[in-house]
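The structure appears right after this line, and notes come after that.
Read-outs throughout are calculated quantities, based only on the coordinates presented, and are distinct from any laboratory measurement. Given the structure is predicted, the values throughout are model-derived calculations rather than measurements. All Cβ positions, even for glycine, are placed from backbone atoms using ideal geometry, and neighbour counts span all protein chains on display.
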């Protein structure tokens, strides 16, 4: 299920955006240029896949990588595809 989480370009961009930080849906949507509804759908898939986690602070949900090594998976994929 984890590798299916990386099978959509928007999910890859989200993982790259979350590398080393906590972001809310609005920050992610503004950062990669998609509507909040699209981002929310992809975040749900990433959460079910175990790639990201959601924490609540006050009224805002923030997302982060569940394991920082997932950023390295993306880096390895880019390296392989650039060969």
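Points worth noting:
- Qualifying residue in region 10-29 (condition: touching a residue at least 60 places away in the same chain (Cβ under 8 Å) and part of a helix (DSSP H, G or I)): yes
- Filter result for residue 61 (touching a helix residue (DSSP H, G or I) at 6+ places or on another chain (Cβ under 8 Å), in contact (Cβ under 8 Å) with a residue 24 or more places away in the chain and assigned to a strand (DSSP E or B)): yes
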